[in-house]
1. Residues of region 116-218: accessible area per residue at 1.4 Å, in Å²?
2. Tell me, what ³J(HN,Hα) does each residue in region 66-74 have, in order and in whole Hz, if you take phi through Karplus 6.51 cos²θ - 1.76 cosθ + 1.60 with θ = phi - 60° and put x for Gly and Pro?
3. Which trypsin sites (Lys or Arg not before Pro) from region 226-317 combine a DSSP loop assignment with at most 12 other Cβ atoms within 10 Å?
4. Calculated FRET efficiency, residue 233 and residue 278, Cβ-Cβ r, R0 35 Å, to nearest 0.05?
5. With θ set to phi - 60°, apply the Karplus curve 6.51 cos²θ - 1.76 cosθ + 1.60 along region 200-205 and write out the HN-Hα couplings as whole Hz, x wherever there is a Gly or Pro.
6. Shape call for region 152-203 from the C-alpha gyration tensor, a ≥ b ≥ c root eigenvalues: rounded (a/c under 1.5), prolate (a/b greater than b/c) or oblate?
7. Under 16 Å from a point placed 7 Å out from the Cα of residue 36 along the Cα-to-Cβ direction: which residues of region 160-175 have their backbone N that close?
8. With every protein chain present, what accessible area does residue 41 have (1.4 Å probe, heavy atoms only), rounded to the nearest 10 Å²?
Amino acid sequence: MAPTPESFTARWSSSGGSERANYALFLSELCDLLEVPRPEVSTATGSGQYVFEREVHEVFTDGSSTNRFLDLYKQGCFVLEAKQGVELEDAKDDAQRLQSGKPARKKRGHGVRGTKTWDVSMVKAKAQAEAYVRFLPPSEGRPPFVLVVDVGHVIEVYSEFTRTGGTYLPFPSAATHRIPLAELSRPEIRERLRSIWLDPLELDPARHAALATRAVAVKLAQIGQSLEATLDAQGQRQFSSERVSTFLMRMIFTMFAEDMDLIPSGKFLEALGAMRGHLEGFVPSIGELWRNMATGGYSAFLRAPILHFNGGLFEDVEVLPVTPAQLELLIEATACDWSQVEPSIFGTLVERALNATERHRLGAHYTPRAYVERLVKRVVLEPLREDWNGVLVEVQSELNSVPEGASADDQNKARQNAASRVEAFLASLRDIKVLDPACGTANFLYVSMELV
């Protein structure tokens, strides 16, 4: 019978100190909770597609090799590295027992949870798992996920969906990749982990972004074509392709900003819907909103305060009048889930909104996300992560330099020195400038911001 999230958490939250004694049972029961198969029986050769203690070989430059063991491996899915820390209360209790001459009741494991030592041990565990990925036979490919587990405490999730040897990044984001044991009570968290076990590529955001992007692109192409086909009283095209594309770029950004909570959620869609039957107010209302987005202020159209959007997109705005049919297309496009839309749609729209003769003159082209990400990771992200790993080594060295029993002043000095190294790295990170080689729709800048 599968455990409940509550019973699973209650059973394992008190564990600590020795992952070797606990991790296989913990992960087996986690499989029961997720309703996925338990790992298979390991063979005498140490191989297997879904096993504990999968054996791999690290080969050195002189041709020699040594055996390494993956705590849990599922081919095509993940490499998992297990650790186990201890709670602060247990560490304090053990310290008091040692001071009184009594033996410690718990092993110290990989550091006291919530301390720098524990954080560093988790970073090292992730680096160890990434190294093991490289030791796997090429025929098995690289799994899309690396998991780092502090048994009975947290599960950290990292992904690399290209499976080409890139850096494993926090998944789904740096703020939410660490799953405390208590969060297993949330169905969406259990479903995420279940997918990592059963169908990991289904979690690839690029797949969902591609579907959402195609759906939105159809709507936007219809709007662009409709506006370009609008004729004046003399039967001439009323709007040039350049005017159409500029208008639609601003509309796209506004739709995107709403679903990213940069403007109040749902307000823009609601306000557009209220325009039905009142199209005489469309131009002044949208113009009022965009002028407020250029400076920051209160929008009467949305009845809400608006942030300042810099970059010049909303300076000297022109709002094109629309027909009832065109308004409906705008409403349908706004109703799409823009949080799932790949930002390269901005470039796609420019291409679709401009006709063939003007496209080259305006430089309207874009680079697909996969190409952008490959370059950004290699040029921006990987060097930064190498620098950060160097900082972590320096921090750990600083903390380890304090001998056991050192005075509080010496301990504080070491912590301050370690903190200053981290602060210096963060200061240098804030000073980094990324130039967009495309000089077009800012795909390189957006992807760099998102990944860093």
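The values are calculated or read from the model by the stated rules, or taken from the named source; none is laboratory data. What you see is a predicted model, and the numbers here were worked out from it, not measured in a lab. Cβ atoms come from the backbone with ideal geometry, glycine included; neighbour counts cover every protein chain shown. Protein only, heavy atoms only, side chains kept; ligands, DNA and RNA dropped before computing areas. Shrake-Rupley method; radii C 1.70, N 1.55, O 1.52, S 1.80 Å.
1. Working: 4360 Å² over 103 residues.
Roughly 42 Å² per residue, with all protein chains present.
2. Karplus values, whole Hz, x for Gly and Pro: 9, 8, 10, 10, 8, 4, 8, 9, 10.
3. Details: sites: 237, 243, 250, 267, 276, 291, 303; in loops: 276, 303.
In loop regions of region 226-317 (DSSP not H, G, I, E or B), the sparsely surrounded trypsin sites (Lys or Arg not before Pro) are 276, 303.
4. Working: r = 23 Å, r/R0 = 0.67.
Efficiency for this residue pair is about 0.90.
5. Calculated HN-Hα couplings, in order: x, 5, 5, 7, 4, x Hz.
6. Working: a/c = 2.46, a/b = 1.50, b/c = 1.64.
Judged from the Cα gyration tensor, region 152-203 comes out oblate (a/c at least 1.5, b/c at or above a/b).
7. 160-161, 171-172
8. Here the residue's solvent-accessible area equals roughly 130 Å².
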